[in-house]
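Have a look at the structure below before the remarks.
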Amino acid sequence: MNASLSKLVGGKEGLVGLAVLAAIIFVALPLGVDIFRLNLVGKYLTYAFVAVSLVLLWGNGGILSLGQGIFFGLGGYGMAMFMKLEASDPITTKIQTTPGIPDFMDWNQITSLPWFWEPFKSLPLTILIILTIPALFAYLIGFAMFKRRVGGVYFAIITQAIALILSILIVGQQGFTGGVNGITDLKTVWGWDTRNDSAKYILYYLNGFLLFGAILLSKYVLNSKFGMLLLAMRDKEERVRFSGYDVSNFKIFIFCLAAMISAVGGAMFTLQVGFMSPSFVGIVPSIEMVIFCAVGGRASLIGAVYGTLFVNFGKTFFSESYPELWLFIMGGLFIAVVMFFPDGLAGVWAKYSHKLNVFKKKSSLTSATAIIDSTKNEGSKKAVNEIDVTNIEGAKA
(Lines give C-alpha, C1' and ligand atoms only; values in the text may rest on other atoms or scores of the structure.)
Protein backbone atom coordinates (compact mmCIF):
# COMPACT_ATOMS: atom_id res chain seq x y z
CA MET A 1 0.00 0.00 0.00
CA ASN A 2 1.48 3.35 -1.02
CA ALA A 3 1.89 6.22 1.43
CA SER A 4 -0.93 8.42 0.09
CA LEU A 5 -3.50 5.59 0.13
CA SER A 6 -2.37 4.53 3.60
CA LYS A 7 -2.80 8.12 4.78
CA LEU A 8 -6.28 8.27 3.26
CA VAL A 9 -7.70 5.03 4.70
CA GLY A 10 -5.64 4.82 7.90
CA GLY A 11 -3.37 1.89 7.07
CA LYS A 12 -4.22 -1.79 6.71
CA GLU A 13 -6.49 -1.83 9.76
CA GLY A 14 -8.44 1.16 8.46
CA LEU A 15 -8.81 -0.45 5.04
CA VAL A 16 -10.20 -3.64 6.59
CA GLY A 17 -12.67 -1.63 8.69
CA LEU A 18 -13.89 0.27 5.63
CA ALA A 19 -14.21 -2.96 3.63
CA VAL A 20 -16.33 -4.62 6.32
CA LEU A 21 -18.59 -1.58 6.64
CA ALA A 22 -18.94 -1.39 2.85
CA ALA A 23 -19.88 -5.07 2.70
CA ILE A 24 -22.59 -4.51 5.33
CA ILE A 25 -24.03 -1.35 3.76
CA PHE A 26 -23.78 -2.19 0.05
CA VAL A 27 -24.24 -5.99 0.06
CA ALA A 28 -25.60 -7.54 3.26
CA LEU A 29 -28.37 -5.05 4.05
CA PRO A 30 -29.77 -4.67 0.50
CA LEU A 31 -29.87 -8.47 0.15
CA GLY A 32 -31.13 -9.16 3.66
CA VAL A 33 -34.04 -6.74 4.15
CA ASP A 34 -37.05 -5.59 2.11
CA ILE A 35 -37.30 -2.16 0.53
CA PHE A 36 -39.29 -0.71 3.46
CA ARG A 37 -36.60 -1.68 5.97
CA LEU A 38 -33.85 -0.66 3.58
CA ASN A 39 -35.37 2.80 3.31
CA LEU A 40 -35.34 2.95 7.11
CA VAL A 41 -31.65 2.02 7.10
CA GLY A 42 -31.08 4.77 4.54
CA LYS A 43 -32.70 7.23 6.92
CA TYR A 44 -30.44 6.02 9.72
CA LEU A 45 -27.38 6.51 7.51
CA THR A 46 -28.30 10.16 6.99
CA TYR A 47 -27.94 10.60 10.76
CA ALA A 48 -24.51 8.96 10.48
CA PHE A 49 -23.25 12.04 8.61
CA VAL A 50 -23.82 14.04 11.80
CA ALA A 51 -22.19 11.34 13.95
CA VAL A 52 -19.11 11.41 11.69
CA SER A 53 -18.99 15.21 11.94
CA LEU A 54 -19.10 14.92 15.73
CA VAL A 55 -16.11 12.56 15.70
CA LEU A 56 -14.18 15.36 13.98
CA LEU A 57 -15.55 18.09 16.19
CA TRP A 58 -15.93 16.43 19.59
CA GLY A 59 -13.85 13.27 19.52
CA ASN A 60 -10.75 14.83 17.97
CA GLY A 61 -11.26 18.55 18.49
CA GLY A 62 -12.67 18.44 22.00
CA ILE A 63 -15.55 20.73 20.95
CA LEU A 64 -18.92 19.40 22.10
CA SER A 65 -21.72 20.87 20.00
CA LEU A 66 -25.27 20.20 21.12
CA GLY A 67 -26.63 21.98 18.05
CA GLN A 68 -25.61 19.88 15.06
CA GLY A 69 -29.31 19.56 14.29
CA ILE A 70 -29.03 23.19 13.11
CA PHE A 71 -26.88 22.23 10.14
CA PHE A 72 -28.70 18.96 9.50
CA GLY A 73 -31.93 20.98 9.33
CA LEU A 74 -30.47 23.69 7.09
CA GLY A 75 -29.34 21.08 4.58
CA GLY A 76 -32.68 19.30 4.79
CA TYR A 77 -34.71 22.46 4.35
CA GLY A 78 -32.55 23.53 1.40
CA MET A 79 -33.33 20.32 -0.51
CA ALA A 80 -36.98 20.45 0.62
CA MET A 81 -37.38 23.98 -0.76
CA PHE A 82 -36.11 22.88 -4.18
CA MET A 83 -38.39 19.82 -4.27
CA LYS A 84 -41.39 21.82 -3.05
CA LEU A 85 -40.97 24.41 -5.79
CA GLU A 86 -40.75 21.64 -8.37
CA ALA A 87 -43.97 20.14 -6.99
CA SER A 88 -45.70 23.55 -7.03
CA ASP A 89 -45.76 24.30 -10.75
CA PRO A 90 -48.69 26.44 -12.01
CA ILE A 91 -50.52 23.45 -13.51
CA THR A 92 -50.39 21.34 -10.32
CA THR A 93 -51.40 24.30 -8.14
CA LYS A 94 -54.02 25.82 -10.47
CA ILE A 95 -56.77 25.45 -7.84
CA GLN A 96 -54.87 27.76 -5.45
CA THR A 97 -55.61 31.44 -5.13
CA THR A 98 -52.05 32.07 -6.32
CA PRO A 99 -50.84 29.22 -8.58
CA GLY A 100 -47.12 28.49 -8.74
CA ILE A 101 -46.26 28.89 -5.06
CA PRO A 102 -46.14 26.25 -2.28
CA ASP A 103 -49.54 25.36 -0.84
CA PHE A 104 -48.73 26.50 2.72
CA MET A 105 -47.90 29.97 1.40
CA ASP A 106 -51.27 30.14 -0.33
CA TRP A 107 -53.01 29.05 2.88
CA ASN A 108 -51.28 31.89 4.71
CA GLN A 109 -52.40 34.42 2.08
CA ILE A 110 -48.94 35.02 0.62
CA THR A 111 -49.41 36.09 -3.00
CA SER A 112 -45.86 35.86 -4.38
CA LEU A 113 -42.79 33.72 -3.90
CA PRO A 114 -40.42 35.27 -1.29
CA TRP A 115 -37.04 36.43 -2.64
CA PHE A 116 -35.03 33.94 -0.56
CA TRP A 117 -36.93 31.06 -2.21
CA GLU A 118 -35.94 32.12 -5.73
CA PRO A 119 -32.43 30.47 -5.79
CA PHE A 120 -34.01 27.10 -4.97
CA LYS A 121 -35.56 26.88 -8.44
CA SER A 122 -32.16 25.59 -9.63
CA LEU A 123 -30.77 22.23 -8.42
CA PRO A 124 -27.06 23.11 -8.91
CA LEU A 125 -27.60 26.37 -7.01
CA THR A 126 -29.51 24.46 -4.32
CA ILE A 127 -26.59 22.03 -3.86
CA LEU A 128 -24.19 24.98 -3.62
CA ILE A 129 -26.41 26.63 -0.99
CA ILE A 130 -26.68 23.36 0.99
CA LEU A 131 -22.86 23.26 1.22
CA THR A 132 -22.14 26.95 1.78
CA ILE A 133 -24.95 28.38 3.96
CA PRO A 134 -24.45 25.93 6.89
CA ALA A 135 -20.68 26.46 6.66
CA LEU A 136 -21.17 30.23 6.65
CA PHE A 137 -23.55 30.04 9.61
CA ALA A 138 -21.04 27.85 11.46
CA TYR A 139 -18.32 30.38 10.65
CA LEU A 140 -20.35 33.21 12.18
CA ILE A 141 -21.06 31.19 15.33
CA GLY A 142 -17.47 29.93 15.56
CA PHE A 143 -15.93 33.34 15.00
CA ALA A 144 -18.13 34.91 17.67
CA MET A 145 -17.39 32.13 20.18
CA PHE A 146 -13.86 30.87 19.54
CA LYS A 147 -12.23 34.26 19.03
CA ARG A 148 -13.43 35.10 22.54
CA ARG A 149 -12.21 31.73 23.83
CA VAL A 150 -15.68 30.49 24.65
CA GLY A 151 -15.55 26.71 24.91
CA GLY A 152 -16.44 23.68 26.96
CA VAL A 153 -19.85 23.56 28.55
CA TYR A 154 -20.54 27.20 27.64
CA PHE A 155 -20.18 26.50 23.93
CA ALA A 156 -22.38 23.39 24.25
CA ILE A 157 -25.14 25.41 25.94
CA ILE A 158 -24.92 28.21 23.38
CA THR A 159 -25.24 25.82 20.43
CA GLN A 160 -28.19 24.20 22.18
CA ALA A 161 -29.82 27.61 22.59
CA ILE A 162 -29.26 28.43 18.91
CA ALA A 163 -30.88 25.14 17.89
CA LEU A 164 -33.91 26.00 20.03
CA ILE A 165 -34.12 29.52 18.58
CA LEU A 166 -33.93 28.24 15.02
CA SER A 167 -36.66 25.63 15.57
CA ILE A 168 -38.92 28.28 17.15
CA LEU A 169 -38.22 30.62 14.22
CA ILE A 170 -39.15 27.93 11.70
CA VAL A 171 -42.39 27.15 13.53
CA GLY A 172 -43.25 30.84 13.91
CA GLN A 173 -42.74 31.73 10.24
CA GLN A 174 -45.40 29.32 9.03
CA GLY A 175 -46.11 31.18 5.82
CA PHE A 176 -42.50 30.90 4.65
CA THR A 177 -41.39 27.57 6.15
CA GLY A 178 -44.52 25.44 6.54
CA GLY A 179 -44.47 25.91 10.31
CA VAL A 180 -44.79 22.95 12.64
CA ASN A 181 -45.88 20.69 9.77
CA GLY A 182 -42.70 21.37 7.86
CA ILE A 183 -42.37 21.04 4.10
CA THR A 184 -44.23 17.97 2.86
CA ASP A 185 -45.49 16.27 -0.31
CA LEU A 186 -42.04 16.17 -1.95
CA LYS A 187 -42.12 13.93 -5.01
CA THR A 188 -39.58 14.61 -7.73
CA VAL A 189 -36.09 15.87 -8.57
CA TRP A 190 -35.88 17.21 -12.13
CA GLY A 191 -38.96 15.17 -12.94
CA TRP A 192 -37.54 11.95 -11.48
CA ASP A 193 -40.00 10.34 -9.06
CA THR A 194 -38.20 9.60 -5.78
CA ARG A 195 -41.08 7.56 -4.29
CA ASN A 196 -40.92 4.30 -6.26
CA ASP A 197 -38.85 1.28 -5.22
CA SER A 198 -36.12 1.66 -7.85
CA ALA A 199 -35.59 5.29 -6.83
CA LYS A 200 -35.33 4.25 -3.18
CA TYR A 201 -32.59 1.75 -4.05
CA ILE A 202 -30.70 4.41 -6.02
CA LEU A 203 -31.01 6.96 -3.21
CA TYR A 204 -29.87 4.36 -0.67
CA TYR A 205 -26.69 3.62 -2.62
CA LEU A 206 -26.08 7.32 -3.31
CA ASN A 207 -26.45 7.97 0.40
CA GLY A 208 -23.95 5.20 1.18
CA PHE A 209 -21.37 6.49 -1.31
CA LEU A 210 -21.65 10.04 0.01
CA LEU A 211 -21.26 8.74 3.57
CA PHE A 212 -18.08 6.91 2.59
CA GLY A 213 -16.88 10.09 0.91
CA ALA A 214 -17.43 11.96 4.19
CA ILE A 215 -15.54 9.26 6.12
CA LEU A 216 -12.59 9.31 3.70
CA LEU A 217 -12.45 13.11 3.78
CA SER A 218 -12.51 13.02 7.57
CA LYS A 219 -9.77 10.37 7.66
CA TYR A 220 -7.62 12.47 5.37
CA VAL A 221 -8.07 15.52 7.59
CA LEU A 222 -7.34 13.57 10.78
CA ASN A 223 -4.24 11.87 9.33
CA SER A 224 -2.77 15.18 8.16
CA LYS A 225 -0.66 17.64 10.14
CA PHE A 226 -3.85 19.53 10.89
CA GLY A 227 -5.30 16.38 12.48
CA MET A 228 -2.29 16.03 14.78
CA LEU A 229 -2.59 19.66 15.80
CA LEU A 230 -6.31 19.09 16.39
CA LEU A 231 -5.55 16.27 18.84
CA ALA A 232 -2.87 18.37 20.52
CA MET A 233 -5.37 21.21 20.81
CA ARG A 234 -7.90 18.87 22.40
CA ASP A 235 -5.46 17.63 25.04
CA LYS A 236 -3.23 20.67 25.63
CA GLU A 237 -4.83 23.73 24.10
CA GLU A 238 -2.68 26.25 25.94
CA ARG A 239 0.52 24.51 24.86
CA VAL A 240 -0.58 24.66 21.21
CA ARG A 241 -1.41 28.33 21.60
CA PHE A 242 1.96 29.08 23.21
CA SER A 243 3.65 27.26 20.32
CA GLY A 244 2.47 30.07 18.05
CA TYR A 245 -0.66 28.55 16.49
CA ASP A 246 -4.00 30.36 16.33
CA VAL A 247 -6.22 27.81 18.05
CA SER A 248 -9.41 29.72 17.26
CA ASN A 249 -8.85 29.36 13.50
CA PHE A 250 -8.46 25.59 13.87
CA LYS A 251 -11.71 25.40 15.80
CA ILE A 252 -13.56 27.55 13.28
CA PHE A 253 -12.35 25.40 10.38
CA ILE A 254 -13.31 22.07 11.93
CA PHE A 255 -16.68 23.49 13.05
CA CYS A 256 -17.41 24.64 9.48
CA LEU A 257 -16.35 21.27 8.02
CA ALA A 258 -18.55 19.43 10.53
CA ALA A 259 -21.48 21.72 9.62
CA MET A 260 -21.02 20.99 5.92
CA ILE A 261 -20.97 17.21 6.45
CA SER A 262 -24.09 17.42 8.65
CA ALA A 263 -25.90 19.47 5.98
CA VAL A 264 -25.23 16.80 3.34
CA GLY A 265 -26.87 14.29 5.69
CA GLY A 266 -29.89 16.57 6.06
CA ALA A 267 -30.28 16.93 2.29
CA MET A 268 -30.12 13.15 1.84
CA PHE A 269 -32.69 12.74 4.63
CA THR A 270 -35.16 14.90 2.70
CA LEU A 271 -34.56 12.89 -0.48
CA GLN A 272 -34.98 9.57 1.33
CA VAL A 273 -37.98 10.41 3.50
CA GLY A 274 -39.83 12.97 1.38
CA PHE A 275 -40.37 15.72 3.95
CA MET A 276 -38.56 18.02 6.37
CA SER A 277 -39.86 19.49 9.63
CA PRO A 278 -38.56 21.56 12.57
CA SER A 279 -38.58 18.43 14.75
CA PHE A 280 -35.19 17.56 13.21
CA VAL A 281 -33.63 20.93 13.99
CA GLY A 282 -34.11 21.46 17.72
CA ILE A 283 -32.48 20.29 20.93
CA VAL A 284 -33.77 16.70 21.10
CA PRO A 285 -32.44 15.52 17.71
CA SER A 286 -29.13 17.29 18.35
CA ILE A 287 -28.66 15.43 21.65
CA GLU A 288 -29.67 12.14 20.03
CA MET A 289 -26.99 12.67 17.40
CA VAL A 290 -24.40 13.12 20.14
CA ILE A 291 -25.61 9.83 21.64
CA PHE A 292 -25.12 8.07 18.28
CA CYS A 293 -21.52 9.25 18.28
CA ALA A 294 -20.94 8.35 21.94
CA VAL A 295 -22.35 4.82 21.57
CA GLY A 296 -20.24 4.12 18.49
CA GLY A 297 -17.12 5.70 19.96
CA ARG A 298 -16.42 9.39 19.69
CA ALA A 299 -12.86 8.79 18.49
CA SER A 300 -13.82 6.38 15.68
CA LEU A 301 -15.32 7.44 12.34
CA ILE A 302 -16.44 3.92 11.48
CA GLY A 303 -17.63 3.35 15.05
CA ALA A 304 -19.88 6.41 14.74
CA VAL A 305 -21.68 4.76 11.80
CA TYR A 306 -22.14 1.51 13.74
CA GLY A 307 -23.35 3.47 16.76
CA THR A 308 -25.95 5.28 14.64
CA LEU A 309 -27.23 2.03 13.15
CA PHE A 310 -27.21 0.26 16.54
CA VAL A 311 -29.16 2.96 18.38
CA ASN A 312 -31.72 3.47 15.62
CA PHE A 313 -32.27 -0.26 15.12
CA GLY A 314 -32.82 -0.45 18.88
CA LYS A 315 -35.31 2.41 18.81
CA THR A 316 -37.23 0.77 15.98
CA PHE A 317 -37.26 -2.68 17.60
CA PHE A 318 -38.25 -1.49 21.07
CA SER A 319 -40.89 0.95 19.80
CA GLU A 320 -42.50 -1.84 17.74
CA SER A 321 -42.23 -4.57 20.40
CA TYR A 322 -42.67 -2.56 23.63
CA PRO A 323 -44.42 0.71 22.74
CA GLU A 324 -45.04 1.65 26.39
CA LEU A 325 -41.55 0.80 27.63
CA TRP A 326 -39.21 1.56 24.76
CA LEU A 327 -38.19 5.01 26.02
CA PHE A 328 -37.16 3.56 29.39
CA ILE A 329 -35.34 0.66 27.73
CA MET A 330 -33.39 2.97 25.42
CA GLY A 331 -32.58 5.30 28.31
CA GLY A 332 -31.23 2.39 30.36
CA LEU A 333 -29.20 1.21 27.38
CA PHE A 334 -27.58 4.63 26.98
CA ILE A 335 -26.72 4.79 30.68
CA ALA A 336 -25.21 1.30 30.57
CA VAL A 337 -23.07 2.14 27.54
CA VAL A 338 -21.79 5.36 29.11
CA MET A 339 -21.02 3.64 32.44
CA PHE A 340 -19.47 0.40 31.25
CA PHE A 341 -18.23 1.24 27.73
CA PRO A 342 -17.06 4.86 27.85
CA ASP A 343 -15.23 4.48 24.53
CA GLY A 344 -18.31 3.05 22.82
CA LEU A 345 -18.52 0.08 20.48
CA ALA A 346 -15.18 0.99 18.92
CA GLY A 347 -13.53 0.82 22.34
CA VAL A 348 -15.01 -2.63 23.01
CA TRP A 349 -13.76 -3.87 19.64
CA ALA A 350 -10.29 -2.41 20.21
CA LYS A 351 -10.08 -4.01 23.67
CA TYR A 352 -11.08 -7.52 22.65
CA SER A 353 -9.27 -7.50 19.32
CA HIS A 354 -6.10 -6.54 21.21
CA LYS A 355 -6.60 -9.44 23.62
CA LEU A 356 -7.16 -11.76 20.66
CA ASN A 357 -3.93 -10.56 19.03
CA VAL A 358 -2.04 -11.09 22.31
CA PHE A 359 -3.49 -14.61 22.57
CA LYS A 360 -2.45 -15.38 18.99
CA LYS A 361 1.06 -14.09 19.64
CA LYS A 362 1.33 -16.21 22.80
CA SER A 363 0.10 -19.27 20.89
CA SER A 364 2.64 -18.63 18.14
CA LEU A 365 5.41 -18.13 20.70
CA THR A 366 4.44 -21.37 22.48
CA SER A 367 4.48 -23.28 19.20
CA ALA A 368 7.84 -21.80 18.23
CA THR A 369 9.28 -22.69 21.66
CA ALA A 370 8.00 -26.24 21.35
CA ILE A 371 9.63 -26.59 17.92
CA ILE A 372 12.93 -25.23 19.22
CA ASP A 373 12.83 -27.59 22.24
CA SER A 374 12.02 -30.49 19.96
CA THR A 375 14.92 -29.59 17.69
CA LYS A 376 17.23 -29.33 20.67
CA ASN A 377 16.11 -32.75 21.95
CA GLU A 378 16.63 -34.32 18.55
CA GLY A 379 20.09 -32.74 18.41
CA SER A 380 20.93 -34.02 21.88
CA LYS A 381 19.79 -37.59 21.04
CA LYS A 382 21.82 -37.51 17.85
CA ALA A 383 24.92 -36.35 19.71
CA VAL A 384 24.50 -39.12 22.35
CA ASN A 385 24.12 -41.76 19.66
CA GLU A 386 27.28 -40.55 17.92
CA ILE A 387 29.21 -40.75 21.22
CA ASP A 388 27.95 -44.32 21.86
CA VAL A 389 28.99 -45.47 18.37
CA THR A 390 32.42 -43.94 18.83
CA ASN A 391 32.88 -45.68 22.21
CA ILE A 392 31.84 -49.07 20.79
CA GLU A 393 34.22 -48.77 17.82
CA GLY A 394 37.05 -47.76 20.21
CA ALA A 395 36.42 -50.79 22.43
CA LYS A 396 36.53 -53.15 19.41
CA ALA A 397 39.82 -51.67 18.34
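Output the helices (runs of 4 or more DSSP H) that fall wholly within region 58-166 and possess 1 or more residues being assigned by TED's automatic domain parsing to the domain that holds F226, over 27 Å from the mean Cα position of the chain (by Cα) and over 24 Å from W190 (Cβ atoms), or say none.
Values: elements: 68-87, 103-107, 123-146.
Helices (runs of 4 or more DSSP H) meeting the threshold: 103-107.
Select, from L15, L64, the only residue that is surrounded by fewer than 16 Cβ atoms within 10 Å (Cβ to Cβ) and within 28 Å of G307 (Cα to Cα).
None of the other options fit; the residue is L15.
Taking the condition crowded, with 19+ Cβ neighbours inside 10 Å, outside any helix (DSSP H, G or I) and in contact with a helix residue (DSSP H, G or I) (Cβ under 8 Å, 6 or more places away or on another chain), does L186 pass?
On the way: crowded, with 19+ Cβ neighbours inside 10 Å: yes; outside any helix (DSSP H, G or I): yes; in contact with a helix residue (DSSP H, G or I) (Cβ under 8 Å, 6 or more places away or on another chain): yes.
Yes, satisfied.
Here are some conditions: (1) outside any helix (DSSP H, G or I); (2) under 11 Å from the mean Cα position of the chain (by Cα). A51 meets all but one. Which one does it not meet?
Only one criterion is unmet by A51, namely (1).
Does Y204 satisfy the criteria of being in the same structural domain as G303 (by TED's automatic domain parsing), at pLDDT 95 or above and hydroxyl-bearing (S, T, Y)? Let's see the steps before the verdict.
Working: in the same structural domain as G303 (by TED's automatic domain parsing): yes; at pLDDT 95 or above: yes; hydroxyl-bearing (S, T, Y): yes.
Criteria met by Y204.
Can you name the residue in region 196-211 that is free of Cβ contacts under 8 Å to residues at least 40 places away in the same chain and among the small types (G, A, S) and, of all such residues, is surrounded by the most Cβ atoms within 10 Å (Cβ to Cβ)? Explain how you work it out, then say what you get.
Narrowing region 196-211 to residues free of Cβ contacts under 8 Å to residues at least 40 places away in the same chain: 196, 198-199, 202, 209.
In the following step, the residues that additionally are among the small types (G, A, S) were identified as 198-199.
On the way: S198: 9, A199: 16.
Of everything passing the filter in region 196-211, A199 is surrounded by the most Cβ atoms within 10 Å (Cβ to Cβ).
Here are some residues: T270, T316. Which one is within 25 Å of G78 (Cα to Cα) and of a type in the set (V, I, T)?
On the way: T316 fails: within 25 Å of G78 (Cα to Cα).
Unique residue meeting the criteria: T270.
What are the pairs with Cβ atoms under 6 angstrom where one residue, in region 273-298, is within 21 Å of G347 (Cα to Cα) and the other, located anywhere, is among the acidic types (D, E) and surrounded by fewer than 20 Cβ atoms within 10 Å (Cβ to Cβ)? Sequence gap at least six, or different chains.
G297/D343
Within region 245-268, which residues are touching a Phe, Trp or Tyr at 6+ places or on another chain (Cβ under 7 Å) and within 18 Å of F82 (Cα to Cα)?
A263, V264, G265, G266
Please work out if F292 is in a helix (DSSP H, G or I) and surrounded by fewer than 16 Cβ atoms within 10 Å (Cβ to Cβ).
Working: in a helix (DSSP H, G or I): yes; surrounded by fewer than 16 Cβ atoms within 10 Å (Cβ to Cβ): no.
Judged against the criteria, F292 is not a match.
Which of the residues belonging to region 226-244 are out of contact with any Phe, Trp or Tyr (no Cβ under 7 Å at 6 or more places or on another chain), touching a residue at least 12 places away in the same chain (Cβ under 8 Å) and not aromatic (F, W, Y)? Show your work before the answer.
Taking region 226-244 first, the residues out of contact with any Phe, Trp or Tyr (no Cβ under 7 Å at 6 or more places or on another chain) are 226-228, 231-232, 234-244.
Subsequent filtering for residues that are touching a residue at least 12 places away in the same chain (Cβ under 8 Å) retains 226-227, 231, 234-235, 237.
G227, L231, R234, D235, E237 - these are the residues of region 226-244 that are out of contact with any Phe, Trp or Tyr (no Cβ under 7 Å at 6 or more places or on another chain), touching a residue at least 12 places away in the same chain (Cβ under 8 Å) and not aromatic (F, W, Y).
The values are calculated or read from the model by the stated rules, or taken from the named source; none is laboratory data. Note that the structure is predicted; figures quoted are calculated from it, not measured. As a convention, Cβ positions derive from the backbone with ideal geometry for all residues, glycine included, and neighbour counts pool all protein chains shown.
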